[in-house]
Every structure is written in structure tokens, then in C-alpha cells.
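Only one structure is covered here, and it is reproduced in the block below.
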Amino acid sequence: MTDPKPASPKADAGIDLTQFYQVFFEEAGENLDSLEQHLLGIDIASADDEVLNSVFRCAHSVKGGAATFGFADVAELTHRMESLLDKLRRHELAPTARMVDLLLQAGDALRAQLARHSQGGEGTVVDTAALMAELGALATGAAAALAPAPVAVATPPSASAAPGTTRELELVVGPLDQPAQADSLVELFAEIVDLGRIAPLDGGQAADGMRRFRVETTSSDDDLLSLFTFHVARDKLRLLPAGPGYGFHAGAPGAPAPARAVAVAGTSDAAPASLAASARGAATPARAASMPATVEAATLRVSVDKVDQLINLVGELVITQAMLAQNSQKMDTALYQQLAKSLADLERNTRDLQEAVMSIRMIPMSVVFSRFPRMLRDLSAKLGKKVEFVTHGEATELDKGLVEKITDPLTHLVRNACDHGIELPAERAARGKPEAGTLTLSASHQGGSVVIEVRDDGQGLSRAKLLAKAREKGVAAPDSLSDAEVWSLIFAPGFSTAEIVTDVSGRGVGMDVVKRNITALGGTVEIESSEGFGMSVRVRLPLTLAIMDGMSVAVGGECYILPLASVVESFQVRADTVRTIGGSGQVVQVRDEYLPVVALDKVFGVRRYACGDDDAAGQPVMVVVEADGLRAALMVDELVGQQQVVVKNLEANYRKVSDVSGATIMGDGRVALILDVGSLARRARH
């Protein structure tokens, strides 16, 4: 008999359960993520009781929600998982690698099923028949082979009754902190058609804190217990054969064991060590069950659209505050001291509010890192490699929008490191390396950016091989290229050093997409490699794309914004420090270094102010900026000041403009362009 599908108790009341679907799908996804992490960290030789209980709770939570909303396929698959997990956590079975593999596959199938339901049932139906059959075989076959000692919740002999046969059972519930919980089982029988009949035997709670019921049903014990656990914890339920007296006098068939036997979920004559182990297993779920309530009370699930709307409103507040600050400059502060103080307080509070609101969208990198252990486990097994995965800086926070867009590029970098970088165990041993390669993923804050590094101790990049491959594809690659320029060849479209094309890599599609996606986010990619020792790829991203600190500079009658994180220094130009090279290009001497000069008036076609030769204050100002490892000096008329600016997407509202990354609204209502410092630095070098 398949897992009974509970009817929706509120459907008749006219409540539309579809309004709760999104919350269920999100919580189910979180539970599946947690289930996968626990399974990947399980120790096959000595599995921890808490880990097994946590995996069981994750599957049980998904099953409960799926049954409530009528997703029968999800409920049926999680029921099969529960059957196996329940025997594992009760030590009736010993975990094996095959069990872990199968449970991971079941988690993948559940994701596919949930994705289909979230799209309104569209798409291909997931076939889980073979998966469920093997889960059932592992649960029953392994249990019979091990012949475990009987436990209180073990299937009684009556469970083997022929399908469709009506049986009488005694249901013992308790002890319960809230006796009314047992009444929900009576309501359950009334709601589910053909489940059977239930009647209380004691008319109320007995002195020992137990409730007893007579059950007439055609369902199996496993199905009944799985259904009852939607309302009462599994370790508080027992199904016993019905006999004379129904267990209400000593020595009667089916007499309930003492209350302490229920607490340890074992038999009264078990060995002390077994009792202790069972007690730990029973106490752990009770202790862990109190945790979700605390977490739920400390968090609030809010729509991303609402957060984005809040950030946009704060952005408008920043613009309004900048307008007030600019207009107040013309005010006599001696006459309006209180107003000036209030405006200063407004500026401080606006900045604090902006930082607090922006932090709402910041999520830890552990959200991204957590998906790679499973991927590497499967990939290394397919490639026949041994890989140890190490992470650092999981608590480093990044804007949610950036996290979503950086996930795919990082996935390709990790796969590339495992496939191309780390060698086979035999090859590593021949080179004097450990058979297991190490792949490290780290994240850290550096200035106004987040740096994410993917590093491996594999074979690294071969300069000769890359040059030969580039020439083979018709790319100009002289031997005079620096190492950094040679490494950057792998970002060319269609470039691949793989000897054969596999389902993992070799098609030349990937690294160029990685570079393009990261550049679109305002980030950069840097590569370091040492042949035979490993390779490192660093991705540098801005902390957020919504509000940033900028420096305002004036060129003629126009105002431009430079990201403050890219500004190194500024100074007034002396005539003897500027040199002309190549007939048109200019460089400026900054201490012992010559930097290329970018005249913003020529780049954007703006007419500069005319300044007299004797007007020292009217001489141009050089602002040294750094991006992508390159430095350049931008020639401007004057520095206006430092301020927070709200980044507006210029491409979405107008079109793509070279050397411009966005726009903002100044305090006087004018639109100022936010300059792409990296593009300007590359322009200067060329």
C-alpha cells in the first residue's frame, strides 16, 4: 500500500492553500540543502546519532509539507527515505556508502519534483520507481540480514497481514507534554477516507501519562506510523497486537511496557550499553526539536522585491539629503546654527540607515560554497581523482544580486580546477605529491571589494602548451608575451587545452563566459600559475552595485564620479612633470614612476575652462586611479568633493556608453556619469 495522501483539512473551508506554496518550496529547498550537507559529512565507520537524526528530520519536514499540499510523488519518495533513515538512526542498520549515494540521488530527485510543482506541474515527470525500489530493498534486505534486536516501534507480526485485511491493533501514545495532541489522531481518521476506525480505550489520559486507542484498519503499521508522525513524534507512538484486555492488566497480551521503555525506545531486558545508546538516540530528537522554534523566532522571511523597493527608497533619500546639503552651503550657519546641526544629524542618520538597509541584502558566501562539496564528490568520482575541498572566509558577505550572478562562473572555475588542474592519483604519486589533490575556495574583503579565490595544487598552466595552442588557432602569440598575458589566452572564445572533448570540458566554452560575466558585474579576474605546482584564479567584485562612495570631479561644466575605492591620490600638475611621447600621448611623473595621462575633456568631448598662466589655482589636477592592476592619471579641472552616490543603470535607461559604468543624480538635480576606471586605465595603456 502506498503512503496515504491526507486530504486537505482546510480545503472545504474555502482557504486557498496555493498562497503558501512559495514558503513551502523555499523551506523544502533549505531542508534539502541541509540534508545534503549532513550526508556529505557523515562518517560511514561511526555515524553520529545527531547527524542521522538531522537527516531524518529534514526528510520528514519535506514529507509533511508535501502531504499537506497534495504533492503525492514528493511525499511517497520521502516516505521511502524515512523508512531507511529511521532504521539507521535506531541502529537497526549500519550506514554504507551505497546508502549515502542513494539518499543523495533521492535528494536530487526531490529537487526536480519540487521544481516541477513550483512551475505548475509543467515539464517532464520524474521517474523515481527504480530509486524507491532500491531504497526499499536496502531498508528491508539489510535489516533482515543484520537481524536487529526488537524495539518498541518495530513492525509487529500483524504487519504481514494480507493487503485489504481488516486488523485490530492497540495504539499506545505518550507520554505527552500536551495530552490534546493524541486527539488529533482521532480527527485524522475522520478526515482520511478508508483509513479505518479509531476509538479511545481509557476515556482519557491514564495515570502513567499514556493514551490508548483501539484501531481497526487495512493499512500496514509502517503506513500508519508514518501518517501519525505528522501530529505526534515517532518515539511517542507504539502499535501493538490487540489481545484480551488490550494491555490494561499485567500479563495481558500486548501489555504496554513501562514508561521508561518508551523513553529509551528499546526493550526492558536490553543490555545497559544498548539502553544508553537508545537513550541518546531518543533524547537527541527532543533536544534538536526545540531548535527550529528559536531560529524561526529570530528570523523573518521577506520578499526580495520588498527589500529592493526599500533600497530604492533609501537611494532616493540619499539624493534628497545631498540636495539639502548642497543648498545649505549658501546658508549663513551663524544665523541658522540649529538648522545646520539638524542637517548634519540628517546626513549621519542617512548614512547609518543606508548601511543598515544594504546589509539586509548581504548574504554570506557560505551559501555559494555549500553547493560545491557535492559537485566535487560526484565529479572526482567520475574522473577517478581524489580531491580534498577546503574553504576559507565563508562568513564573508556579498550583495545577494552579485551572489546569484557569481555562482555560475565559480562553478565553472571549480570544475575546471578539478578536471584540468588536479592530476590523477598515480600521476601525483609519481611527482612526489599526495594522491589527494587540494582545492581551496576562499573569500575575503579587500578595501571596497570582495576577492574570491579558487586555488588548486595541481599541474598548473603550461606556457609552451598555451602558446602552441594559440598559434594553432591563429592568435598572435609571440614568445615575448609576459606570463600574465599568456595566462589570459585561456579567456579567448573557443580556447581549450583539453586533448579530448568530454561531458565535463573540452569544448572551449566556459572561461570566456566567466570573464565576460564577471566584467559585466564590474569585477576583474586575475590568474597566477606555476607549472607543476598549481594555479590560482582571483575574482575581484565590488561589495554592492546600489550605493557607493564616490569622488566628484569637474571637467568644464560637467561633473563626473570616480569610485572612491579606485582613487589612489591626487595632486596639482606642474609643467615639468608632464612629458609627451609618440607625438600625442602624455605621461606624468609621480615620484619615480611615469603614469599615462587620460584627459577626460578629450575622452568625452567637453570644453575645459580657460585659465590664465598666472592662475595657479586654475591649473589642471591629476587624479591617480588604479583598476585591474593598472594605474593611470586622469586630468580634471578640480576636485568637487566626496559623497555617497546612488548608482543608476545607464544602459537600461539609455544605451551602453564607453568608459561609463552608470549614472547618478547630484544634489542640484543634475545627472553625473560614473566612470569605468578599468576601461579608462586600459585606454591609457593602449
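The values are calculated or read from the model by the stated rules, or taken from the named source; none is laboratory data. Source: prediction; values computed, not measured. Positions of Cβ are generated from backbone atoms using ideal geometry, with glycine treated the same way; all protein chains shown enter the neighbour counts. The protein model used for the area step is the full one, side chains on, heavy atoms only, and it has no ligands, DNA or RNA in it. Shrake-Rupley method; radii C 1.70, N 1.55, O 1.52, S 1.80 Å.
Near the amide H of Ser661, within less than 5 Å, lie the amide hydrogens of Ile674, Leu675, Asp676, all on another chain or at least 5 residues away, with H placed in the peptide plane. What segment 371-444 shows is 43 Å² of accessible area per residue, with the surface traced by a 1.4 Å probe over protein heavy atoms.
Taking a temperature of 20 °C and a viscosity of 1.002 mPa s, what whole-number D in µm²/s does Stokes-Einstein yield for segment 620-686 with Rh from Kirkwood over alpha carbon pairs? All intermediate terms of the calculation are to be shown ahead of the outcome.
On the way: Rh = 13.2 Å.
Value of D from the Cα-based Kirkwood radius: 162 µm²/s.
Averaged over residues, the count of other Cβ atoms within 10 Å places the peptides 470-479, 564-573, 435-444 in the sequence 435-444, 564-573, 470-479, highest first.
Computed over segment 296-440, the P(r) curve from all C-alpha pair distances, binned at 5 Å from the origin, holds 2, 8, 12, 12, 11, 9, 8, 8, 7, 6, 5, 4, 3, 2, 1, 1, 0 percent per bin.
Mind scanning Lys63/Lys386; Lys306/Lys341; Lys63/Lys87; Lys405/Lys656; Lys385/Lys465; Lys433/Lys515 and naming the pairs with a C-alpha gap bigger than 25 Å? Pairs exceeding the cut-off: Lys63/Lys386; Lys306/Lys341; Lys433/Lys515.
Show me 414-425, 398-409 ranked by packing, highest mean number of other Cβ atoms within 10 Å first. Let's see the in-between values first.
Numbers: 414-425: 21.2, 398-409: 18.4.
My ranking of the peptides, most packed first, is 414-425, 398-409.
Per residue, the solvent-accessible area of segment 633-677 (1.4 Å probe, heavy atoms of protein chains only, all protein chains present) comes to 50 Å².
Among the protein heavy atoms of segment 363-456, carbon and sulfur supply 52% of the accessible surface, probe 1.4 Å, non-protein parts ignored.
With every protein chain kept in place and ligands, DNA and RNA left out, what is the accessible area per residue of segment 29-112? Probe 1.4 Å, answer in Å². Walk me through the numbers before you get to the answer.
Details: 2820 Å² over 84 residues.
For segment 29-112, the solvent-accessible area averages 34 Å² per residue.
Kindly rank 70-77, 485-492 from highest to lowest mean number of other beta carbons found within 10 Å of each residue. Provide the component values of the computation, followed by the final result.
On the way: 70-77: 20.4, 485-492: 18.2.
With the highest mean Cβ count within 10 Å placed first, the list reads 70-77, 485-492.
Taking a ≥ b ≥ c as the square roots of the eigenvalues of the alpha carbon gyration tensor, segment 83-141 is prolate, as a/c is not under 1.5 and a/b beats b/c.
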